[in-house]
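The values are calculated or read from the model by the stated rules, or taken from the named source; none is laboratory data. Quantities reported herein were computed from a predicted structural model and do not represent experimental measurements. Cβ placement follows ideal geometry from the backbone for every residue including glycine, while neighbour counts extend to all protein chains displayed. Surface accessibility is based on the protein's heavy atoms, side chains included, excluding ligands, DNA and RNA. Shrake-Rupley method; radii C 1.70, N 1.55, O 1.52, S 1.80 Å.
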Amino acid sequence: MKDMVDELPGLAKVRTRFLEMLVDRQALIAEHALSAWEGETLDDINGNLEAAKAILHQIAGTAGSLGFTDLGVAARACEGEVIAHLEGPDADLAICPGEIIYHMDLFVKQCEETLSTLT
């Protein structure tokens, strides 16, 4: 798929922009994860999880079509973890499950790996 993506006219610019934005997005996801983990109130925790979920959703929706299938799948899986918590029985408790932080950390590392292989 990546080869096909590279052949489409004008898509190289979109792909480059996606990667540029990925640098900022991965940092934001890491910040939101840390803030959720350290949050003391339900609003702090769930607000940061919602913000991270929105960024993950953007990445999941774009990555695959630009040739980054594994990254898109990982973003969707991480987003699913957050959704499961926010819609689950513990959503009204001021807690941030460690499993979500673990998955976000893995995703941020995958972003780093993706970016490092392209530079």
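Determine which single condition Val73 fails, assuming it passes every other condition in (1) closer than 20 Å to Leu11 by Cα; (2) at pLDDT 95 or above; (3) more than 9 Å from the chain's Cα centre (by Cα). Failing condition for Val73: (1). Just one of (1) open to solvent by 40 Å² or more (accessible area, probe 1.4 Å); (2) part of a helix (DSSP H, G or I) fails for Asn46. It is (1). Under the condition of being among the aromatic types (Phe, Trp, Tyr) and buried (at least 16 other Cβ atoms within 10 Å of the Cβ), the residues counted in the stretch 95-111 number 1. Test Val5 against the criterion of being part of a helix (DSSP H, G or I), modelled with pLDDT under 95 and open to solvent by 30 Å² or more (accessible area, probe 1.4 Å), and give yes or no. Considered against the rule, which asks whether it is part of a helix (DSSP H, G or I), modelled with pLDDT under 95 and open to solvent by 30 Å² or more (accessible area, probe 1.4 Å), Val5 comes out as no.
Against the test of being in a helix (DSSP H, G or I) and surrounded by 20 or more Cβ atoms within 10 Å (Cβ to Cβ), the options Ala52, Ala84 yield a single qualifying residue, Ala52. Inside the stretch 69-78, residues that are open to solvent by less than 20 Å² (accessible area, probe 1.4 Å) and either charged (D, E, K, R) or in contact (Cβ under 8 Å) with a residue 24 or more places away in the chain (or both) make up a count of 3.
For Asp24, state whether it is open to solvent by 40 Å² or more (accessible area, probe 1.4 Å), part of a helix (DSSP H, G or I) and either free of Cβ contacts under 8 Å to residues at least 12 places away in the same chain or hydroxyl-bearing (Ser, Thr, Tyr) (or both). In short, yes.
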